[in-house]
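First comes the structure, then the notes that go with it.
The values are calculated or read from the model by the stated rules, or taken from the named source; none is laboratory data. This one's a predicted model, so the numbers in the text were calculated from it and none came from an experiment. Please note: Cβ atoms are built from the backbone with ideal geometry, for glycine as well, and neighbour counts cover all protein chains shown.
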Amino acid sequence: MTVSIPDISSVGDVYKLIWIEEHIIAQIDHISEDRDTVTAEFNFRLNGDVKGHLYMGKLNMLSATAKDKFAKELNKRLELEWDTILEQACVKVIEAYRKGEPAVRIGNLPSRQKPRYRLYPWILEDNITTIYGFGGKGKSKFATLLALTVQSGEDKLGNMNPIKGNVLVLDWESCKEDWDEYVKATVLGMCFESNDLPLYRRCYRTLANEILEIQALVLEHEIKLIIVDSVGMASEVTDQFHSSAISFLRAARSLPCSILLIDHETKEGKQFGSVYKQNEVRSAFELKSEQESGERVISMALYHTKANSGMLTKPQGFKVSFEGNEETTEMVIFERENVADMPELSKDVPLKDRLINVLARGALKIEEAAQEMGLEEKKLPSVKSILKRYKNIVFYQLTDGTWGLLQKGQSKGEYYTE
C-alpha cells in the first residue's frame, strides 16, 4: 500500500496537511526548535468529519523513536501507514518552517496584479490600516459597516468597490452580544441581502500571545479581513515602552490578509501610545463625530492622515441614524454627507474644499464666504490666498468683485450652481 502525497498550506507557523486518498487531515503548530530537537503539536483527524478526531500529541520531528511511538498510537485508532505519513509531515513542515518567505529580485517585476484595496479607500489589500479616534465616537459601528460590506461584497454607499471575502472580528473590548446587535441592526438598516456573516472571536490575551490560534482560524476559514478592536487592549501599548507595540505589529504582519485596526487617540489628536503604531501602518484615518444630546443621529467624519502609497483622500462624511430604544439598537442607517456641511467637523476640512462647498451655492464676496464658513476676520488673508491661487482653475472672480465656482472644464465665465 502506498501513501498519497499530502497538500500543505500554512498561515504563519500553523500548517495544515491533507492526504486526500486517505481522508486524513493534520494541523501542526506550536513549533519550537532547540539544538537537536524540533518539536511541534500534531492534531490528526478524519478529513471532512468535525467529530473525526484521531490523535493529538507533541512530537520531536527529528527523533525516529518518537515518530515510531507516535505512529503506533495512531495505528490503534486507524490502520494506515502512519510511519510514512508522519515522515512526510515532518519533512514538509520542517522544510517550510525553516525556508520562510522566498527572496525575489525587485525592480523588474511584472505590473501589480492584485488590487490595492480590499475596500476603497478604507482597507488596503494585504496590509494594515488604522481608524482611530476618541472613545464613543462610533468606530466600532463604522467597522461593522465595513465588515458587512466585505463579507457580502455588496456596496451600499457607492464607490467602495469591495472585494468579497470572509471577515474575522477580534474583540478585546466588548462581547459577542454587542457585535451581534450591531450586525443585525446594520444588515436591517442598510438592506444587506447576503446571508454571509462575519466570524467573531472574543479575546483577552495580547495578539502576540494568541497569534497561533488566530492563524489557525485564518487558515481554516480562509479569512480575508481581520478587524482588531482595539489596539490598546490587544497590545498593552504605552508611550514609554515600544516592545509591546513591536510584538503586536509583528504578530499582525504574520497574518496574510487585510487588517483593520481600531485605535484610540490622545487629547492632542494623535494615535495613543508608541510611535511604532503610527509608523508601521500603511494607511490611517482619524474619525470624529458630533451628536446632539438625546438625538439618535450622528454626524461622522473621517480624515485621511497617512498614506504610504498614493495620495491622501479627501475627508469623507456620513450621517448615521439609529432606531430602537434605550436597551436595544434595532436599525442603523449610514448615508453619505458632505463634511463641509457639518458645523463642528468642517473645521478640519482643507480651506479650498470648504470654499468649493460654499461657493457652489452661489457667488459671494470674500468676507461673506468667510462668514458662511464661520471663520474669524484674521483668516481672511488665507481665504484670499486660496482664491487667487486657484483663480480660473477652480474659482472665478466676477466683475462685481464676488467669487464663484467654475463649472468643470470651464476656463472662465459663469460660476457653478447646483
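Summary of computed values
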item	result
Subset of segment 369-386 [loosely packed, with under 15 Cβ neighbours inside 10 Å and of a type outside the set (Gly, Ala, Ser)]	Gln371, Glu376, Glu377, Lys378, Lys379, Leu380, Pro381, Lys384
Identity of the residue in segment 123-149, hydroxyl-bearing (Ser, Thr, Tyr) and part of a strand (DSSP E or B), that ends up farthest from Asn195 (Cα to Cα)	Tyr132
Residue that is farthest from Glu210 (Cα to Cα) [pool: residues in segment 279-293 that are of a type outside the set (Lys, Arg) and buried (at least 18 other Cβ atoms within 10 Å of the Cβ)]	Ser289
In segment 339-355, residue nearest to the chain's Cα centre (by Cα) [restricted to those that are crowded, with 16+ Cβ neighbours inside 10 Å and not in a helix (DSSP H, G or I)]	Val349
Residue count for segment 28-53, restricted to those that are crowded, with 18+ Cβ neighbours inside 10 Å and of a type outside the set (A, V, I, L, M)	4
Given (1) over 26 Å from Ala301 (Cα atoms); (2) at pLDDT 85 or above, index of the condition Ser411 fails	(2)
Of the criteria (1) part of a loop (DSSP other than H, G, I, E, B); (2) crowded, with 17+ Cβ neighbours inside 10 Å, which one Glu326 fails	(2)
Residue check, Ile246 touching a helix residue (DSSP H, G or I) at 6+ places or on another chain (Cβ under 7 Å), surrounded by fewer than 19 Cβ atoms within 10 Å (Cβ to Cβ) and either of a type outside the set (Val, Ile, Thr) or touching a residue at least 24 places away in the same chain (Cβ under 8 Å) (or both)	yes
Selection from segment 38-82 of residues that are under 17 Å from Ile20 (Cα atoms) and assigned to a helix (DSSP H, G or I)	Trp82
Residue identified as modelled with pLDDT of 95 or more, buried (at least 17 other Cβ atoms within 10 Å of the Cβ) and under 25 Å from Val38 (Cα atoms) among Phe70, Phe142	Phe70
Any hit, segment 230-242, residues being more than 30 Å from Lys267 (Cα to Cα), assigned to a helix (DSSP H, G or I), polar (S, T, N, Q) and in contact with a Gly (Cβ under 9 Å, 6 or more places away or on another chain)	no
